[in-house]
Amino acid sequence: MARRYIPRIYGPKPLSIRLLRKGCANRPFYHIIAVVTDDPCESEGVEQLGIFDPLLNEHNERLLAVNLDRFKHYVAEGAWIKSTVAMLLGQAGVLPQHPHSLTMAWKARQRKIEMENQANNSNTNEAK
């Protein structure tokens, strides 16, 4: 059987912008990096674009720092933005809100309303 020739497309590989976990076991810390899509998850990437600290600080804030010039440069080159980074930057106001973050907020609001209703029902039952 004859082998078929499948031409390879040479050129720049697609990039993606994603989070790289750093820190310790109970103290996560993330770097926002631009990485070649084919690289393994542990890869340091092409360039570090920012940082994200998910734990609350003394002012009750999560820290996010991004080099927006380099971020816009990679997006203009056609880099894919992973959903976690898109959600973070959507909450920061850099990108439009990610649909999943809106869904999560709606579900959290519904859970809060249900908890308040259950608390009110238990208070009225105890008063009787």
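The values are calculated or read from the model by the stated rules, or taken from the named source; none is laboratory data. As the structure is a computational prediction, the values presented were derived from the model and not from experiment. Cβ sites come from the backbone with ideal geometry, for glycine too, and all protein chains shown count toward neighbours.
Structural remarks
- Those strands (runs of 3 or more DSSP E) of the stretch 1-75 in which at least 2 residues are at pLDDT 90 or above and among the basic types (Lys, Arg), considering only elements entirely within it, cover 15-23.
- Restricting the stretch 76-128 to residues that are among the acidic types (Asp, Glu) and in a helix (DSSP H, G or I), the residue that is surrounded by the fewest Cβ atoms within 10 Å (Cβ to Cβ) is Glu126.
- Residue match in the stretch 44-54 (condition: surrounded by 11 or more Cβ atoms within 10 Å (Cβ to Cβ), without any contact (Cβ under 8 Å) to a residue 60 or more places away in the chain, in contact with an Asp or Glu (Cβ under 7 Å, 6 or more places away or on another chain) and closer than 21 Å to Val94 by Cβ): no
- Any chance Lys107 is touching a residue at least 24 places away in the same chain (Cβ under 8 Å) and either of a type in the set (Lys, Arg) or out of contact with any Cys (no Cβ under 7 Å at 6 or more places or on another chain) (or both): no
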